[in-house]
Every structure is written in structure tokens, then in C-alpha cells.
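The values are calculated or read from the model by the stated rules, or taken from the named source; none is laboratory data. Keep in mind that this is a model prediction, so the values were computed, not measured. Here the Cβ positions follow ideal geometry from the backbone for every residue, glycine too, while neighbour counts run over all protein chains shown.
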Amino acid sequence: MSARPGSKGQVAIVGYAHSDVTRHAGRPLGALAVDTARAAIADAGLTAGQVDGFVTSALFPTAGAHAAEDGVSLVSADWLAQRLGGSPRYVAGFQGIGQIPGSVALAVNAVASGAADYVVMHRALHNPKGSYHANPMRTAGGAQQWTVPQGFFGPLSMIALPYNEYLQRYGASRETTAAVVAEARKNGARIPWSYWHDRPLTTEEYLAAPLLSDPICRYDCDIPVDGVAAFVFTSAERARDLPHRPVYVAGQASSAPPRRRLPLHWPLDDIMAGGTALAKRLWEQSGVSPADVDLPQVYDGFSPFVYFWLEVLGLCPVGEAHRFVLDGGIDSDRPGALPALSGGGALGNGRMHGIPQMLECYLQLAGRAGERQRERATVGVACASSPHFGGAVVYSTAPR
Amino acid sequence: MTAGPAAASGSSGPAAAPEPTRPVPAPDERSAPYWAAAARHVLTVARCARCSTYVVPPDHTCPHCGSTDPGFAFEPVSGRGTVRSWTVVRQSFLPGFRGEVPFLLVDVELAEQPELRVIGRLLDGPDTTLRIGAPVAVAFEDVADGVSVPAFALAEPSATGPGEVRS
């Protein structure tokens with residue numbers, strides 16, 4: 001046991017559930033969340049009455065003019081806890097940097113501190129009717145007055161700028177990124193609940209798509225969906241009495257606030273500096289090194305994030321992720337490669353934020369991945385969002 | 001290359017719904033001097049009265065010295081800078097820009113201070129060939145009566161590049 005105070009290896013995931021991922025669920029997101037949470041609790045061998053903690057990050061990440069309504073376009077922890085019954089005594093929402101790692105930390109800390117014994121952590125994502133990000137604003141005040149009158153708005157241009165910096169700096173090309181997206185879609189096509197189930201994408205299809213904000217095309221972006229995932233956390237000690245093999249949280253690190261910039265201005269150097277600092281803390285905190293990781297799950301809500309995460313985690317040298325990918329370095333079917341998108345990621349599942357990464361770590365490490373089960377999966381890293389504005393969690397099959 | 005919405009609306013056909021106009025800035029107490037200077041086609045940047053650091057965007061505290069009373073004043077700058085990155089916007093989430101696509105956005109490091117970066121349109125046209133480090137100079141788009149938005153245009157390399165200028 002480490003001398004470091006904290007929860008390292010003391011808390012485990014003991015069950016999960018995942019809804020189908022669809023463009024529009026045809027029923028309220030809240031109802032989907034209640035069903036999914038109930039299924040996760042049952043999967044963990046528990047009853048709703050035993051669950052006493054609820055955490056989430058409820059963020060509805062649209063740049064558009066959509067209303068944010070609890071139970072409809074987002075599902076808060078309180079909303080869910082009110083509807084599941086039982087006797088909740090710890091209910092919290094995460095509002096900082098790195099949505100999924102942040103809410104995992106809430107769950108871990110609740111268990112480690114004794115605030116709750118069994119914690120449901122959920123994430124509910126909604127695709128509103130109409131354009132996800134369109135915003136008919138006529139005037140721009142506050143921070144947006146510095147960018148919106150210039151036409152700089154929304155996440156496509158946000159990611160296009162650092163992506164282009166990367167391509168220019170390292171002589172990379174969209175042909176390589178096609179391989180990233182094809183890998184994500186290949187793996188997503190194998191996942192029954194994925195929006196892209198049975199629908200892989202070829203590099204030719206990728207390269208034929210029109211550009212939206214150079215060098216970004218539609219396939220570089222995860223597709224907005226309705227979907228819910230829920231996980232149950234408890235102590236390593238209680239986990240022993242539950243039906244599934246526990247998957248332990250070995251460590252967690254979140255991004256520090258990046259340098260103050262214009263809204264949505266994410267220069268490549270900021271991303272890499274923030275991510276490098278995050279990775280250093282992640283390895284120190286978890287006692288794991290990059291060489292120990294057999295299941296890295298990099299975040300890919302926009303395809304260039306795959307390069308950035310591979311590099312900041314030290315899984316390949318800085319500036320070489322594009323070559324690493326092209327050489328089959330993340331091909332989940334190639335022996336010896338790093339299966340960095342084996343869970344399909346966001347590109348291969350839909351806009352479920354960091355859930356596909358977390359779920360793949362859980363399923364593989366718990367030995368519950370079915371036909372997709374990998375022979376060797378002992379240490380996973382689930383990344384979320386941008387390396388400088390997100391976080392990562394290390395999972396392990398053994399309490400470390 | 002660019003026409004403001006005032007010009008564009010003059011050419012719209014009959015019976016067509018009016019094209020949404022480009023969003024215009026809503027100046028506040030702090031930013032009013034910036035937009036007033038822009039209307040005169042002068043680019044300014046907020047500068048901390050305590051430590052003289054240029055700050056984009058200005059906030060309630062200075063990111064350099066930490067002052068909670070930074071007394072930011074918008075001071076004219078050279079308008080020169082270099083391109084750090086760019087993108088061609090072909091689909092805008094802002095309806096008021098749909099008539100403007102495709103257009104180029106450049107991420108510009110201003111000459112006055114390392115990493116002093118702003119984003120604006122490049123008015124040379126969407127097919128302009130660019131490279132990292134290309135020199136640019138400020139230009140202005142007159143988008144409505146009394147409202148001008150800073151943008152950029154390609155410039156000749158200056159004798160003192162941004163690498164040499166340190167404030």
C-alpha cells in the first residue's frame with residue numbers, strides 16, 4: 001500500500017450499463033438514464049436501496065442556442081437520485097475540467113471518504129433537434145465579442161487551428177488522419193450499442209468528404225447522439241462480494257486550467273504543454289509507466305486528439321503520432337500494436353464524451369468484452385477531452 | 001473581397017427572407033474604447049497598468065502580475081504579426097456568416113509580445129497560400145454603421161520581425 005494519502009486501488013468499478021446510442025432516442029433522456037442506472041445497479045448485483053451515492057457531469061456541450069433542461073437535454077445527479085429511490089446521502093455534480101475523469105474522482109472520493117458506499121456515476125448525452133451548434137446570435141457580448149464578430153465560433157474552427165498547426169509543423173497529412181478515423185469506425189462497427197454498429201468507414205470515404213473547416217471534415221467529428229452510460233463504484237473490500245471481477249481505479253489526473261486565451265482558442269503548444277504536465281502527474285499518481293499500459297484508450301471526439309494523446313502519454317515520440325498510426329501502431333487487430341481505439345472511441349460510437357474510453361477499459365479489464373475480449377488487458381488508461389482541457393484515469397485488474 | 005451586411009442586403013432579390021446579418025460586438029464598459037478605436041481603424045490591445053503586459057482578452061485580473069486592479073487600458077499596437085495557424089471556414093454555425101463562406105481565419109501572434117495571439121479573418125481570399133510565420137498586418141472590415149471589426153491581410157516581411165520585439 002502506498003504511503004500517499006488517497007484512494008489508490010481502494011475503489012473499484014463493479015458494474016455498468018449502456019443504452020443504445022441513437023441519433024434521437026424517441027423518449028426523454030431522463031427516462032433513458034433511469035433505465036440505464038437501474039440496469040447498472042442490477043448488473044453490480046445490488047438493489048436501488050443499497051445505492052447511496054450519485055455523481056455525474058451533466059454538461060450539455062452545445063455552442064448553440066438550445067435550452068438546457070434537466071431530464072430532457074441533460075440529466076443531473078440530483079434528478080437521477082430523486083427518481084431511483086433508495087436513500088442517497090451523497091449527490092454531486094462535476095463542474096471543473098475533464099468531465100468523465102472529474103466525475104470518476106467524485107465517485108472514488110465519495111467511497112474513499114465514507115460519504116457513500118455504492119456510487120452510481122452516469123453520463124447522459126443528448127442530441128437536440130436541429131443543428132447541434134448553430135447559434136443565431138445577432139450581437140456578441142462578454143468574451144465572445146473578441147471572436148464572434150470575426151466569424152471564429154464553434155468547435156470545428158477551434159480544433160481546425162491546432163490540427164493545422166500539427167500538420168504544418170510535422171509534415172503530416174489528412175491521409176494519415178483517415179487511418180485514425182477508419183480505425184475508430186472499424187472498432188465501433190463491432191460494438192452492438194454503437195450508432196456506427198456494422199458501419200465501418202473506408203479511407204476513401206473519409207477523403208471524399210468535403211471539408212468543413214480545413215483540415216476538418218465531418219468524419220473527424222463525433223456525431224451527436226442520445227445515449228446514457230452508468231457505472232457502479234464501491235470499495236475494493238465490498239467489491240469482493242459482488243458478482244463481477246472488480247476493475248480498480250489506480251490513479252487519476254485532470255488538466256490544470258490552461259493559459260488564458262480567446263474563447264475556443266486552443267494553440268497546439270497549449271495542448272501539448274498541458275497534456276505533458278497531466279501525463280507526468282498521471283504516472284506519478286498511479287505508479288504506472290507508459291510501458292505498463294496495454295490498453296490505452298485515447299480520446300477522439302475530434303480525430304486530431306488521437307495524435308495529441310498518443311504523444312503526451314509518451315506512447316510515441318512527439319511529432320510522430322501520424323507516422324505511428326500509419327505504420328499500424330494503433331491497429332487493434334495487429335499483434336503487438338497499441339489498441340488505442342479498440343473501444344471505438346467517440347468517432348466509432350457517437351458523442352458519448354469519454355464514456356467509450358472508460359467503458360472499454362472496464363469491459364476488457366473485467367473480462368467482459370465478449371467476442372472483442374483481448375488476450376492481454378491488465379492496465380488501461382481512459383482519456384477524455386483535450387489533453388490540456390480534460391483528464392485521464394488509470395484502471396487496473398489488480399489493486400495497485 | 002469582403003462586403004459588409006449593409007452592402008449585401010442591398011443586393012438581395014425580391015421576396016427573399018432577409019439574410020441574417022453578421023453578429024456585431026456588444027461593447028461593455030471595459031471594451032468600449034477598443035471598439036471605438038476599431039471604428040477609427042486602429043487596433044488596440046489591453047495593457048495592464050501595473051506590469052505593462054498586453055493581455056488578450058482582458059479580464060478582472062492580470063494573468064501576468066496577478067493584479068486584481070489591473071486598470072487595463074487599450075493601447076494602439078503596430079497591427080503587425082505572424083501567422084501561427086489558419087483554417088478555411090466552409091460551414092459556419094453563425095447564420096450571419098453563411099453568406100461569407102468560404103473565408104479564411106488566421107491565428108496571429110502580434111509583434112508586441114510573445115504568445116500575444118488573436119484570431120481574425122484574412123481578407124486576401126479563401127484560396128490564399130499560407131505558411132506558418134507568414135507576416136500579416138491588421139485590416140478592418142466595416143460591418144455596420146460605426147462598427148469595424150479587426151481582420152488581417154498578408155504583409156511584406158518587416159525589418160523587425162516579431163521575434164526581435166520584446167516589450
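Residue count for the range A:92-143 satisfying the condition of being assigned to a loop (DSSP other than H, G, I, E, B), at negative phi and not charged (D, E, K, R): 18. Of all residues in the range A:317-361, exactly one satisfies the criterion of being crowded, with 24+ Cβ neighbours inside 10 Å, of a type in the set (Val, Ile, Thr) and not in a helix (DSSP H, G or I), namely A:ILE330. Scan the range A:277-304 for residues that are surrounded by fewer than 18 Cβ atoms within 10 Å (Cβ to Cβ), touching a residue at least 60 places away in the same chain (Cβ under 8 Å) and outside any loop (DSSP other than H, G, I, E, B) and jot them down. Within the range A:277-304, A:GLN285, A:ASP292 meet the criteria.
Just so you know, in the range B:135-158 the residues that are within 13 Å of another protein chain (Cβ to nearest Cβ) and more than 9 Å from the chain's Cα centre (by Cα) include one that is surrounded by the fewest Cβ atoms within 10 Å (Cβ to Cβ), and it is B:ALA144. Residues in the range B:86-134 that are at the interface with another protein chain (Cβ under 9 Å from one of its Cβ atoms), farther than 18 Å from A:ALA160 by Cα, surrounded by fewer than 21 Cβ atoms within 10 Å (Cβ to Cβ) and not charged (D, E, K, R): B:PRO95 alone.
One residue alone among A:TYR395, A:TYR307 is assigned to a strand (DSSP E or B) and buried (at least 24 other Cβ atoms within 10 Å of the Cβ), and that residue is A:TYR395.
Can you name the residue in the range A:44-81 that is aromatic (Phe, Trp, Tyr) and closer than 21 Å to A:ALA25 by Cα and is also nearest to the other protein chains (Cβ to nearest Cβ) among such residues?
Here the answer is A:PHE60.
Contact map, the range A:255-266: first residue without any contact (Cβ under 8 Å) to a residue 60 or more places away in the chain, second residue of a type outside the set (A, V, I, L, M), Cβ cut-off under 6 Å, separation 6 or more or different chains; pairs are A:ARG259/A:ASP270; A:ARG260/B:PRO63. Among residues of the range A:174-193 that are touching a residue at least 40 places away in the same chain (Cβ under 8 Å), those with a Cβ under 8 angstrom from a residue that is of a type in the set (D, E, K, R) and buried (at least 24 other Cβ atoms within 10 Å of the Cβ), sequence gap 6+ or separate chain, pair up as A:THR177/A:ASP220; A:VAL180/A:ASP300; A:VAL181/A:ASP220; A:ALA184/A:ASP300. If we scan the range A:73-87, do we find a residue that is free of Cβ contacts under 8 Å to residues at least 60 places away in the same chain, of a type in the set (Val, Ile, Thr) and outside any helix (DSSP H, G or I)? No: zero hits.
Each residue in the range B:6-55 was checked for being in a helix (DSSP H, G or I) and at pLDDT 95 or above, and 8 pass. For the range B:37-54: of the residues being within 13 Å of chain A (Cβ to nearest Cβ) and either farther than 26 Å from A:PRO258 by Cα or within 14 Å of the chain's Cα centre (by Cα) (or both), which is surrounded by the fewest Cβ atoms within 10 Å (Cβ to Cβ)? Within the range B:37-54, the match that is surrounded by the fewest Cβ atoms within 10 Å (Cβ to Cβ) is B:ALA39. Do you know which of the residues in the range A:132-177 that are of a type in the set (Ser, Thr, Tyr) and within 7 Å of chain B (Cβ to nearest Cβ) is nearest to A:ASP20 (Cα to Cα)? Of everything passing the filter in the range A:132-177, A:SER157 is nearest to A:ASP20 (Cα to Cα).
The number of residues in the range A:215-233 being in contact with a helix residue (DSSP H, G or I) (Cβ under 6 Å, 6 or more places away or on another chain) and not charged (D, E, K, R) comes to 8. Checking the stated criteria, A:PRO192 turns out to be surrounded by fewer than 23 Cβ atoms within 10 Å (Cβ to Cβ) and not acidic (Asp, Glu).
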